[in-house]
Amino acid sequence: MSDEYSTEDLIGGGRIFSERTPPARLSVFGDPVAHSKSPAFHNAALRAAGLNMSYVRIHVPAEKAPAAFRALPRAGFLGTNVTIPHKAAALAAVDEADDYARRSGSVNTVLVEGERLLGFNTDGPGLVRAIHEEFSVDLRDLRVVLLGAGGGAGRAIAVQCAMESCERLVLVNRTLEKARALAAELAGSFRSDRLVGPVDRIQAIPFEESALRLQLAHADLVINATSIGMRRTDPSLIPPALLTPNLMVYDTVYASGRSRLLEEAASVGARCANGLSMLLHQGALSFEIWFNRPAPLEVMRQALLSSEP
Ligand code: NAP
């Protein structure tokens, strides 16, 4: 049975979802959506938890997103995940959003409560869990260099770092103005002089070797939130000579295996991890929002790993 549906299937009242066995009550909205790994691990979680429902992909073009969100209650849905390019539209569509979703400007998890839509973003909290799991450290204790601070994922991660008040945050972006604007917005979370030293706790810098060299010398964790790294032909994000063994490098890209950045970091002895753990934990947090109980994390992890090509 196909697990990809159209927006019309949803707006038309959703009977097609109830006719499935088990009925579809959860989904991911995206455009494109065929690549999403979420159905693999959410359906495994639903089975393991004994919940008689399934999770499907719904292809939602941008112009139909508002109608698709509004159709969820009538179609009998408990909620949905939201992926590219609808996370900002989801924030606009929900009746209420939590503090982190509002600050990050995006929603990746919607909970249907009666006729109301409640919005959450589990990307940042998922990253916190992923960093703890991968490196046995807490994000709040780290000096972070964030590559790609101008994108949606970069913003969500920067806001999470600010809410954790991590030791230092360096926002790196190709379009420097975006990183500067974000640094100004988040500066209030970094006002205390928790770190003693000659450097500011939050800074915006361009994607340039000299600026990166200076900042990486004061960093513990490098996070890649750019869209670079999914293809073998992608360029190096950081000159390899700037990578050192004391760094932890987390690449939010979750294509199978290691991105070029991770290959280069591993070759100098840095600790590395790719974005599969963030994907897993953001999904587990969505499950917890929908069902108000712990997610079967190991079942989800195995399903995610076995869905890898
Ligand atoms: P996005 O909004 O399109 O942002 C792309 C970012 O990459 C921007 O900061 C952009 O800089 C930068 N960029 C693009 N091309 C670049 C280049 N050639 N050199 C330097 N920087 C470049 O994308 P997004 O939605 O934030 O997604 C970014 C990544 O996060 C994707 O790889 C996605 O897979 C990953 N992600 C992973 C998870 C997970 O659970 N693991 C969750 C969410 C997202 P400008 O501002 O200058 O354009």
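What follows is calculated from the coordinates using simple rules that are stated; it is not laboratory data. The structure displayed is predicted, hence computed values, not measured ones. Here the Cβ is made from the backbone with ideal geometry for all residues, glycine too, and neighbour counts use every protein chain on show.
Based on alpha-carbon centroids, what's the gap between the stretch 64-93 and the stretch 232-309 in Å, whole number please?
27
Once you sort the root eigenvalues of the Cα gyration tensor of the stretch 45-167 as a ≥ b ≥ c, which label holds: rounded (a/c under 1.5), prolate (a/b larger than b/c) or oblate (the other case)?
Because a/c hits 1.5 or more and a/b exceeds b/c, the stretch 45-167 counts as prolate.
Identify, among PRO235, LEU142, SER104, the residue whose Cα sits farthest towards the positive end of the charge dipole of the chain, taking +1 on the Cβ of Lys and Arg and -1 on the Cβ of Asp and Glu, with the dipole about the Cα centre.
Final value for the positive-end residue is PRO235.
Along the Cα→Cβ direction, 7 angstrom out, place labels at ARG213 and GLU263. What is the inter-label distance in nm?
Distance between label points: 2.5 nm.
Rounded to the nearest 5, what % of the DSSP beta bridges within the stretch 4-140 are antiparallel ones?
Rounded to the nearest five, the antiparallel share is 35 percent.
Tell me the Kirkwood hydrodynamic radius of the chain in angstroms, computed as one over the mean inverse distance between distinct C-alpha pairs.
That comes to 20.0 Å for the chain.
How big is the charge dipole of the stretch 124-275 about its Cα centre, in debye rounded to the nearest 20, if each Lys and Arg gets +1 on its Cβ and each Asp and Glu gets -1 on its Cβ?
That gives the stretch 124-275 a dipole magnitude of about 220 debye.
Give or take rounding to whole Å, what are the principal axis extents of the alpha carbon atoms in the stretch 124-275, in descending order?
Computed over the stretch 124-275, the largest-to-smallest principal extents equal 40, 31, 27 Å.
When the helix-only estimate is applied to the chain (DSSP H runs of n ≥ 4, each -39,500 (n - 2.57), divided by the residue count), what is the mean residue ellipticity at 222 nm, nearest 500 deg cm²/dmol?
Result for the chain: -11000 deg cm²/dmol, rounded to the nearest 500.
Using r as the Cβ-Cβ distance of ALA67 and SER307, and R0 as 25 Å, what FRET efficiency do you calculate, to the nearest 0.05?
0.25
Does anyone have the angle between helix 297-307 and the longest principal axis of the chain? Alpha-carbon axes, 0 to 90°, nearest 10?
90
What list do you get for ILE289, ILE58, ILE157 if you sort them by fewest beta carbons within 10 Å?
The order, fewest Cβ neighbours first, is ILE289, ILE58, ILE157.
Just want the answer: with Cβ charges of +1 for Lys and Arg and -1 for Asp and Glu, which residue in ALA40, TYR5, ILE157 is farthest toward the dipole's positive end in the chain?
TYR5
About its Cα centre, how strong a charge dipole does the stretch 1-90 have in debye, to the nearest 20, once Lys and Arg get +1 and Asp and Glu get -1 at the Cβ?
Here the size comes out at about 260 debye.
What is the extension gain from ARG293 to SER236, computed as 0.36 nm multiplied by their sequence separation minus the C-alpha to C-alpha distance, in nm to one decimal?
Here the segment from ARG293 to SER236 would lengthen by 16.4 nm.
How are the alpha carbon pair distances in the stretch 5-108 distributed across 5 Å bins from zero to the largest one, expressed in percent?
The distribution over the stretch 5-108 is 2, 13, 24, 23, 20, 12, 4, 0, given as percents.
Which percent, nearest 5, of DSSP beta bridges in the chain are antiparallel?
20
Work out the length of the dipole vector of the chain about its Cα centre, built from +1 on the beta-carbon of each Lys and Arg and -1 on the beta-carbon of each Asp and Glu, and round it to the nearest 20 debye.
Charge dipole, the chain, about its Cα centre: 100 debye, nearest 20.
Helix 276-291 sits at what angle to the longest principal axis of the chain, using alpha carbons and giving 0 to 90 degrees rounded to 10?
Rounded to the nearest ten degrees, it is 40.
State the extension gain, in nm to one decimal, for the chain segment bounded by ASN246 and ALA184, taking 0.36 nm per residue of separation less the distance between their alpha-carbons.
So the chain would gain 19.4 nm between ASN246 and ALA184.
Could you tell me how many degrees, from 0 to 90 and to the nearest 10, lie between the Cα long axis of helix 176-186 and the main elongation axis, the longest principal axis, of the Cα atoms of the chain?
So the inclination is approximately 80 degrees.
Once R0 is set to 41 Å, what does the formula 1/(1 + (r/R0)^6) return for the Cβ-Cβ distance between ARG174 and LEU51, expressed as a FRET efficiency to the nearest 0.05?
Calculated transfer efficiency: 0.40.
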